[in-house]
1. One residue is enough: does region 157-173 have a residue meeting the conditions without any contact (Cβ under 8 Å) to a residue 12 or more places away in the chain, over 23 Å from GLY38 (Cβ atoms) and surrounded by fewer than 16 Cβ atoms within 10 Å (Cβ to Cβ)?
2. Looking at (1) modelled with pLDDT under 95; (2) more than 30 Å from HIS159 (Cα to Cα), which is the only condition ARG60 fails?
3. For region 88-107, give me each residue that is open to solvent by 30 Å² or more (accessible area, probe 1.4 Å), out of contact with any Cys (no Cβ under 9 Å at 6 or more places or on another chain) and under 20 Å from TYR9 (Cα atoms).
4. Among the residues of region 240-266, count how many are in contact with a strand residue (DSSP E or B) (Cβ under 6 Å, 6 or more places away or on another chain), open to solvent by 60 Å² or more (accessible area, probe 1.4 Å) and farther than 25 Å from LYS337 by Cα.
5. Considering only residues that are within 24 Å of the chain's Cα centre (by Cα) and either in a helix (DSSP H, G or I) or at pLDDT 95 or above (or both), look in region 123-170 and name the one that is farthest from ASN97 (Cα to Cα).
6. Name the residue that is surrounded by the fewest Cβ atoms within 10 Å (Cβ to Cβ), counting only residues in region 393-414 that are under 19 Å from PHE112 (Cα atoms) and among the charged types (D, E, K, R).
7. Could you figure out which of (1) under 26 Å from LEU318 (Cβ atoms); (2) outside any helix (DSSP H, G or I); (3) not aliphatic (A, V, I, L, M) isn't true of SER409?
8. Assess whether GLN179 counts as being open to solvent by 60 Å² or more (accessible area, probe 1.4 Å) and either out of contact with any helix residue (DSSP H, G or I) (no Cβ under 9 Å at 6 or more places or on another chain) or within 30 Å of GLY351 (Cα to Cα) (or both).
Amino acid sequence: MRRATKLKYCLTTSDSGAWGEDADGAHDVPVLRSTEIGLNGSIDAREPALRSLNPRDRARTRLREGDILVVRSSGSDLHLGKAGYVRESAAGLSFSNFLQRLRFTPAYDSRFAWYFLNCTDAKQQIRKLSSTTTGLQNLSGGLISELEIPSPPLQEQRHIADFLDAETTRIDRLISLRQEQLTLLNERSGSLISEALQPDKSEERILVKVGHVCRLHPGISPSALPKADDTFVVRPYLQISNVQSGVLHLENVPHVALPGALANTAKLRRGDVLTTRVGDPDKLGRAAVWSEELADCLFESNIFALRPDVNLLVPEYLALMTRTAYGRHYFESTSSKTTGLASTNTGKILGFRIPLPDVETQRRHVEKVHKALAGMDRVRVVLTRQSAVLRERRQALITAAVTGQLDVSTASGRNVTEGVSA
């Protein structure tokens, strides 16, 4: 392990930013927020917030290339302490009061410090130093300055930073390639469903409204329930984050207490098609089929449960129809939109018109599509696993290099991405 020193002895500046007032068109300044800092320490300076700062704060918060920004407050352990390195694209911008700027003395290489702040050792120190207030984890400038940072000679710091620049760039390129492949795979999945199920011109006059073959059941809101007593029962309770396109994520399902009679009437049944009422515009209305994965499960009011007449409509067929280009266009064009969010309502869900062949034909369509999607899912699992492995190896490489576990003068990148081909 390397000799370490307190971070405060390596700094010329450690200060927080400013948020100012709402943009007024006269004194607007681009201000970086914690959301502009990625988990890998990159800073996306393309769309900072526009805020009105007074002349003093504008001058005080102007960033220089080589500054480091540390996230001081977050509701997530993952994001607390994220450190972004200010490159040319972000120089000259200001930064918000949820960020701490670190500016280093000439005797310390800020790139080496940036890599250290994004390594496992620093993250462990940050967890010990942080405190929790009203659900947020917080770091003061004083606490950040108490971090113990390795302190090799300046020339060695630069050599390590150069090595990590080259190796992480190579790993990041592979991660980006995997993400592009996943995006293309998802697009192909949507095209496949559309090609199999989307109505053609000859069918447009015989489309059937979902409301003619389904009953819609709204979810429940815990805030509308009476105060709990001894007659209440506890039940699992799906939230909107549990319902994704074609799949249910059930790893973290909360529970709710409510009267037993209400629990019995509001629970989901096998074959219910769950669809979302609010969310991102491109995700609104996408559906998944409930197969009684959890007993006596309830669902929140931002989810609708469509209960098909199984003699007329196969639940899986309806769920797939919401994923066609035709279905996506319907929900996106009929939704009500606010800033960054969209919503739909009972009438629009029940007004969704679909082709309705006989049940056996629907089942054949579903079987064919699911078989093709299963092959794509296997590829998706491989790509996702490779992305995770690359991120883990990136993190391990940084930690080993800055803490002295890896001698970068003799290290080679041959094994960094072993088993993960381009």
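The values are calculated or read from the model by the stated rules, or taken from the named source; none is laboratory data. These numbers were taken from a predicted model, which means no experiment stands behind them. Because the Cβ atoms are built from the backbone with ideal geometry, glycine has one as well, and the counts that use them run over all protein chains shown. All accessible areas refer to the heavy atoms of the entire protein, side chains included, with ligands and DNA or RNA removed. Shrake-Rupley method; radii C 1.70, N 1.55, O 1.52, S 1.80 Å.
1. So the first thing to find is which residues in region 157-173 are without any contact (Cβ under 8 Å) to a residue 12 or more places away in the chain, and the list is 162, 169, 173.
From what is left, the residues that are over 23 Å from GLY38 (Cβ atoms) are none.
No, there is no match, as no residue in region 157-173 is without any contact (Cβ under 8 Å) to a residue 12 or more places away in the chain, over 23 Å from GLY38 (Cβ atoms) and surrounded by fewer than 16 Cβ atoms within 10 Å (Cβ to Cβ).
2. With (1) modelled with pLDDT under 95; (2) more than 30 Å from HIS159 (Cα to Cα) applied to ARG60, the lone miss is (1).
3. ARG103, PRO106, listed by residue number.
4. 1
5. ARG170
6. ASP407
7. Among (1) under 26 Å from LEU318 (Cβ atoms); (2) outside any helix (DSSP H, G or I); (3) not aliphatic (A, V, I, L, M), the lone unmet condition for SER409 is (1).
8. So GLN179 does not fit the description; no.
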